[in-house]
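Novice: Handing you this structure, nothing more for now.
Derivation of every value follows stated rules applied to the coordinates shown; laboratory data play no part. Since the model is a prediction, treat every value here as computed from it, not as a measurement. Positions of Cβ are backbone-derived with ideal geometry, glycine not excepted, and every protein chain shown enters the neighbour counts.
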Amino acid sequence: QVQLVESGGGLVQPGGSLRLSCTFSGHIFSISIMGWYRQAPGKQRELVAETNSVGSTNYADFVKGRFTISRDNAKNTVYLEMNSLNPEDTAVYYCHAVLRRSERSAGVGYWGKGTLVTVSS
């Protein structure tokens, strides 16, 4: 069993900051991709940022320069530092990972349950 548990969401004023964390637990051999997606009310889930095992990163255009993704491989944790938040960033943020549970298994995608970020004055 693999679990992804997010934390750090909440209510923040426009212009404020939040830091999301996602910790992976269970029988994990390796994690290739860690990332964050978000889904606003009435909209489709969209990629926010992702990072791979060698530290390369990919950001959605709407967060470039404001959000930073990082990972701690020793802790099986991925972070999303969010700055200059605006009301359009309000959404449920989901952690996502592509991981292998054994040396012989293929990579499989897993999702966390999400954490709500609300940007409002």
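Novice: Using 7 Å Cα-to-Cβ label points, what is the Asn73/Ile28 separation (nm, one decimal)?
Specialist: For Asn73 paired with Ile28, the spin-label model returns 1.3 nm.
Novice: According to the Kirkwood expression over distinct Cα-Cα pairs, how big is the hydrodynamic radius of the chain, in Å?
Specialist: Kirkwood radius, the chain: 14.5 Å.
Novice: Out of Ser105, Ser17, Ser84, any idea which swings most in a Gaussian network model of the chain, alpha carbons joined below 10 Å?
Specialist: Of the options given, Ser105 has the highest mean-square fluctuation.
Novice: Still on this structure, please answer the following. Give the calculated FRET efficiency between Leu116 and Gln44 to the nearest 0.05, with a Förster radius of 22 Å applied to their Cβ-Cβ distance.
Specialist: About 0.80, to the nearest 0.05.
Novice: If I take every Cα pair under 8 Å that is 6 or more residues apart in the stretch 30-86, average their sequence separation and divide by the length, what percent do I get for the relative contact order?
Specialist: 26
Novice: Tell me the label-point distance for the pair Lys64, Glu103, using the 7 Å Cα-to-Cβ offset, in nm and rounded to one decimal.
Specialist: Computed distance between label sites Lys64 and Glu103 equals 4.1 nm.
Novice: Another one. In the chain, with Lys and Arg counted as +1 and Asp and Glu as -1 at Cβ, which of these residues, Phe24, Leu85, Trp36, has the Cα nearest the positive end of the dipole, that is, farthest along it?
Specialist: The residue sitting farthest along the positive end of the dipole is Phe24.
Novice: Measuring from label point to label point, each 7 Å out along Cα→Cβ, what is the Leu11 to Asn52 span in nm?
Specialist: 4.2
Novice: Just need the relative contact order of the chain here, percent rounded to a whole number, with Cα pairs under 8 Å and 6+ apart. Walk me through the intermediate numbers first.
Specialist: Numbers: 303 pairs, mean separation 43.7, N = 121.
Contact order relative to length: 36 percent.
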